[in-house]
Amino acid sequence: MIHNLCNIYGDENFDTFYKAMIIEASQLPKFNHLTKEQEVLTLINNLPQEFQAMTIGFLPERFSLGNRTRIRNGSRMYETDFSLPLVPQDANIQNLLETYNNKEVVVLITRHTHSHLYGTSEQPLLFTYEELHNPAPSGLKGYTLNMNNESYGAPLYFAGNEAEFPIINRGLAFQLAGSL
């Protein structure tokens, strides 16, 4: 079958990722890349308020997301690397990041028209962070959050606008958010 594809450049191409929800994987029910997308979306949208998760807005054009496909031992593997800065440096933020450090997470990254889920509860991403000290007076000072891993399945794609993802609108975040 021959597919004739063309690049279409319009306003919808400007829709870029702007927010991430990072959820600790150990608290999630078991699901993997073979679980139906609707089941995963229902699971994520119905997380109890007490789940360990945080929502972070992106600084414009300051995040990095890569999802490469590799063939290893005859199997297709997806290598995900995701990083973003979090500012400012703050004792409460650092204490929160320490609770996630070297733990496994899944990440729901959102655009205005759709979202992508990276990682599953069975093949999550590893969360680490490092301090960010830019020597320039106007440079960023805070933390760089890193999440990466290999998995068997591609990220899950959820089409729809933000109103269709109650988990994002609910403001699920850490308890100290009010004091920052």
Number of the condition not met by A163 [criteria: (1) open to solvent by 40 Å² or more (accessible area, probe 1.4 Å); (2) at pLDDT below 85; (3) in contact with a strand residue (DSSP E or B) (Cβ under 8 Å, 6 or more places away or on another chain); (4) not in a loop (DSSP other than H, G, I, E, B)]: (3)
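Residue-wise test of (1) open to solvent by 50 Å² or more (accessible area, probe 1.4 Å); (2) not in a loop (DSSP other than H, G, I, E, B).
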| residue | (1), (2) |
| --- | --- |
| I22 | no, yes |
| L34 | yes, no |
| V40 | no, yes |
| L47 | no, no |
| T55 | no, yes |
| E61 | yes, no |
Pull up region 93-113, narrow it to residues that are under 18 Å from A159 (Cβ atoms) and open to solvent by 20 Å² or more (accessible area, probe 1.4 Å), then point me to the one that is modelled with the highest pLDDT. R111
Some residue of region 80-87 being modelled with pLDDT of 90 or more and either part of a helix (DSSP H, G or I) or surrounded by fewer than 17 Cβ atoms within 10 Å (Cβ to Cβ) (or both): yes
Residue pairs qualifying under the 7 Å Cβ cut-off, at least six apart or on distinct chains, with the first in region 123-145 being in contact (Cβ under 8 Å) with a residue 40 or more places away in the chain and outside any strand (DSSP E or B) and the second being of a type in the set (F, W, Y) and open to solvent by 40 Å² or more (accessible area, probe 1.4 Å), are Q123/Y152
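Filter region 105-122 for residues that are assigned to a strand (DSSP E or B) and in contact with a helix residue (DSSP H, G or I) (Cβ under 7 Å, 6 or more places away or on another chain) and give the result. Reasoning before the result, please.
Narrowing region 105-122 to residues assigned to a strand (DSSP E or B): 105-110, 114-118.
The answer is V105, V106, L108, T110, L117.
The values are calculated or read from the model by the stated rules, or taken from the named source; none is laboratory data. Only a predicted model underlies this, so the values are computations on that prediction, with no experimental measurement involved. For neighbour counting, all protein chains shown are included, and Cβ atoms are generated from backbone atoms with ideal geometry for every residue, glycine included. Each accessible area value is taken on the protein alone, full model and side chains, heavy atoms only, with ligands, DNA and RNA left out. Shrake-Rupley method; radii C 1.70, N 1.55, O 1.52, S 1.80 Å.
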